[in-house]
1. What's the ranking of 390-396, 96-102 by average number of surrounding C-beta atoms within 10 Å, highest first?
2. On the protein heavy atoms, probe 1.4 angstrom, tell me the percent of accessible surface of region 236-295 carried by carbon and sulfur.
3. Quick check for you: with a 1.4 Å probe and neighbouring chains kept, what is the accessible area per residue of region 76-215, in Å²?
4. Per residue, how much space in cubic angstrom lies within the convex hull of the C-alpha atoms of region 129-277?
5. Expressed in whole Å with the largest first, what are the equivalent ellipsoid semi-axes of region 85-151 derived from the C-alpha gyration tensor as the square root of 5 times each eigenvalue?
6. Please work out the C-alpha center-to-center distance from region 200-230 to region 486-517 and express it in whole Å.
7. Hey, what do the phi angles of region 144-152 turn into as Karplus ³J(HN,Hα) couplings, whole Hz, using 6.51/-1.76/1.60 and θ = phi - 60°, x for Gly and Pro?
8. Using each residue's phi in region 180-194, evaluate 6.51 cos²θ - 1.76 cosθ + 1.60 at θ = phi - 60° and report the 3J(HN,Hα) Karplus result to the nearest Hz, with x for Gly and Pro.
Amino acid sequence: MSLYRKSSDSISDPDIIDRDAEDPPKELVFQALAPSVIDLPAYYHLDDKYTASTGEIWSYYLYLAANSGATLSNFAPTAFQNLLSQAAGENGTLPFAGKVRTVNSIVLLSNGIAFAIQTAMFLLLGSCADFGTWRPNVLIVMTMIGVAAGFSWLGISTPDKWEAATAIYILGLISFQICWTFWVAAFPGLARSTPVLRAVATAYKDGTLSRAEFEHKDSMKRNEISNMSFAVGSAGSLVVIAIGVGMFFAMHVNDSTQKNNWGLSAFNAFGAAAELALALPWFILEKRRPGLSYPPGMNIVQAGLWQLYRAAKDIWKLKQSLIYLIGESTYIQVPKCRQALKNNARPVYFLLGDALNTTITIVSTLQNEVQAFNSLILAYLLLVSVAAQAAGVYAYWLVQRRYGISTKAMLNFASGTVVLMTIYGLVGIWTRKIGFHSRWEFWVFQKGSELEENEAELENKKAMLGEKNKIIRELKEQFAEKESELEEKEAELEEKEAKLEEKGAKVEDIFENWRNG
């Protein structure tokens, strides 16, 4: 269902055309476009059988803990880069894709290969997220592939298997991104099937609620579910990572490179088991709501290509839609509104997503090198990062709910922080003092400088304990030597006593012979 059905209405209000505002005034645009049509956005299912239950919503939150990327996009890349570095040795290079390349080059190129494959798969499968009822099936299959990739690390923990590690890493990254996309695709239908928004939609259709109020309530509820899913998902990830820290201690990963390798691989497998356990509730409790209807005479693949064609054709009429690449064509012709939209067309958000992903990948690559692939320290960093994420997302939601801030304003603020982080890393090209060259920068990046101090204190105590253990070992060795000497003297004494007894016996014999003789 398209958002609006009329395409012949035009806008004549000069306030809309000429106003240089942050956002086109929605209520006026709505009135101008469809003054006599009351229609609901897509994914509003008013059938009672699709009403979202509390259990279904929480299972949706838990899936994000399952597919949070703690393993597939954090520890798997670490394990992969770790094995590459060991296989490359002092030379620091390996043959890959027809050329001899550095470790960092191989990591970034592997990411590029994964993204290229994802692009091809999205062209074929992307429409399944919007049309028909295939979305849940795709999510289940790709989740199982991700779980299999996680368990595969159990067989990959030595440098000679770096090529297999490359394949498993790429497969896991593809699975993670596709699962993420198809999980997000379930979000509009879930949010708009909650009892709150169903009541809002009914009031709007009955004419007792204005479009502006309807849009605001719809937006805030969607923001609530989105933010809560990130907060709850992050909390679940914290538990998984905390268990991983316990595993690392139990496996003594700091004792040797081999144990550190095995610890990383074992945690990837544990993460796969956790992913499966946390994903199952969503697979069971999700109410399979239908997506958009197929265009007449088209199948799922044709619908996806048609969707891209319509988006490319209509995007210049609604330029800001390019930012979001929404799956539904609106079929609106609003030539007189172009100036208002042009003032608001800032296609930087589309680039920011790619910039953020690339920045995080590069920072993670540098972090692994600086931290020497130490699984415990990397787990601490991830714990701090996820905790900060949970607290930050929830705080953002509280502020937005309290002051009624628009989604776009919140996005602008978050985008600003992404730009600052990227600029900080860029400075590192010209200086080694800052720009992600030192350990403290990664702790600050993860909001964990205090934890680093605690870690340093812990290492201090470990060193002192080691010294004490060394002294105890030396004392034990000295005691053992003295004990050995004492045993030797006791043996000598026993030997002398035996000889003395033998001589005494001879003297008694001589005396007896003399007395009898």
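The values are calculated or read from the model by the stated rules, or taken from the named source; none is laboratory data. Given the structure is predicted, the values throughout are model-derived calculations rather than measurements. As a convention, Cβ positions derive from the backbone with ideal geometry for all residues, glycine included, and neighbour counts pool all protein chains shown. SASA here: full protein model, heavy atoms, side chains in, ligands and nucleic acids out. Shrake-Rupley method; radii C 1.70, N 1.55, O 1.52, S 1.80 Å.
1. Values: 390-396: 16.4, 96-102: 12.9.
Most protected by this proxy first, the peptides run 390-396, 96-102.
2. Numbers: 1790 of 2570 Å².
Answer for region 236-295 is 70 percent, counting heavy atoms of protein chains only.
3. On the way: 5580 Å² over 140 residues.
Computed with neighbouring chains in place, this is 40 Å² per residue.
4. Working: hull volume 18.6 nm³, N = 149.
With only Cα atoms used, region 129-277 gives 125 Å³ per residue.
5. Working: eigenvalues 240, 44, 9 Å².
Over the Cα atoms of region 85-151, the semi-axes work out to 35, 15, 7 Å.
6. Here the answer is 109 Å between Cα centres.
7. Computed from phi, the couplings for region 144-152 are 5, 5, x, 4, 4, 4, x, 5, 4 Hz.
8. 4, 4, 6, 5, 4, 5, 7, 5, x, x, 5, 4, 7, 9, 5
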